[in-house]
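The values are calculated or read from the model by the stated rules, or taken from the named source; none is laboratory data. What you are looking at is a predicted structure, and each value in this text was computed from that prediction instead of being measured. Here the Cβ is made from the backbone with ideal geometry for all residues, glycine too, and neighbour counts use every protein chain on show. Each accessible area value is taken on the protein alone, full model and side chains, heavy atoms only, with ligands, DNA and RNA left out. Shrake-Rupley method; radii C 1.70, N 1.55, O 1.52, S 1.80 Å.
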Amino acid sequence: MTQKERRLFLIRALLEEEPRWASRGIPQGEEEQKHLLRALFNIRMPRPVSEEFLQVQDAYLQEETRHKGITTLDQLEPVEDGIYLWQGDITTLSCGAIVNAANSQMLGCFVPCHGCIDNAIHTYAGVQLRLECARLMAGQEEEPTGRAKITKAYNLPCRYVLHTVGPIICGAVTQADRELLASCYRTCLELAEASGLHSVAFCCISTGEFHFPNELAAKIAIQTVAEWQRQNPDKIKVIFNVFKDRDYEIYKRLLR
């Protein structure tokens, strides 16, 4: 099957599950089709899926990621021992684990084509990721802030995904908020070490939809990681992954 044939197969299968969307029809343009497919992935509840669907989906997503270009840890230059700074799409990064800034439901973002990292990671990992998250959250209403869970990465080029819930800021940042954000970084590193991983890529936890001030969040991230690495030398290499120019400039200045 070509990418177009795979895309149309997946759209038709997902529209059958969502009759309320079926009346919209399938657009002719490639980008419009990709937009619709992503939206359908995003709204899909964690329900069983056929093996045929998974085979087509996996081939489609892996080819999309290959086309975007995969970056490996070996291609990056450390800014200091065990620390890297990389600006790019975290869903194209090949390393031990990437960190997802999750919400407390831990099921991914259900908003169609939303711009958050949670949405992107679940989209390009595939529907299996939401299914695994649902199994992990069975009997648990919410994941506590500052904790983390680990899942497979499925169609992402990394091996695992670490899901952590950062603090939501409403007004001034409190000391409790600072400690919870630091806990996100520590818990992810501890979980990665316990899972035998040697590299972790952190996104800018809590700085997007959760409104943690970017500069303060970066300071806490760098300080927490540096302290953990001092206590656990040569165990895990850390990549600070940024997407926006603003965050890149902040991390570049602080790490210098």
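Details
- Antiparallel DSSP beta bridges within the chain, percent to nearest 5: 30 percent
- Cα gyration tensor shape of the stretch 145-256, rounded if a/c is under 1.5, else prolate or oblate by comparing a/b with b/c: rounded
- Of 256, 24, 38, the order by accessible heavy-atom surface (1.4 Å probe, DNA, RNA and ligands excluded), from most exposed downward, is 256, 24, 38.
- Estimated FRET transfer efficiency (residue 58, residue 244; beta-carbon r; R0 45 Å; 0.05): 0.90
- Neighbour count of at most 14 Cβ within 10 Å plus DSSP loop: longest GluC sites (Glu not before Pro)-free window in the chain: 1-140
- Protein-only accessible surface order, largest first, of 117, 70 at 1.4 Å: 70, 117
- The value of relative contact order for the stretch 1-78, using C-alpha pairs under 8 Å at least six residues apart, is 40 percent.
- Between the beta carbons of residue 34 and residue 223, assuming R0 = 35 Å, the FRET efficiency works out to 0.30 to the nearest 0.05.
- Remark: relative contact order (the stretch 144-256) = 25 percent; criterion is Cα-Cα distance under 8 angstrom and separation of 6 or more residues.
- Extension gain, residue 254-residue 147: 0.36 nm per intervening residue step, less the Cα-Cα distance, totals 36.0 nm.
- Averaging Cα coordinates gives a centre for the stretch 160-235 and one for the stretch 111-151; these two points are 17 Å apart.
- The alpha carbon gyration tensor of the stretch 49-104 gives principal lengths a ≥ b ≥ c with a/c of 1.5 or higher and a/b greater than b/c, which makes the shape prolate.
- Residue among 153, 164, 140 farthest towards the positive dipole end of the stretch 138-212, charges placed on Cβ: 153
- Gyration tensor verdict on the stretch 85-233 (Cα atoms; rounded if a/c is under 1.5, prolate if a/b is larger than b/c, oblate otherwise): rounded
- At R0 = 41 Å, FRET efficiency that the Cβ-Cβ distance of residue 231 and residue 23 yields, to 0.05: 0.10
- Surface listing: 23, 94 arranged by accessible area from highest to lowest gives 23, 94, probe 1.4 Å.
- Computed about its Cα centre, the charge dipole of the chain is approximately 100 debye, with only Lys, Arg, Asp and Glu carrying charge at their Cβ.
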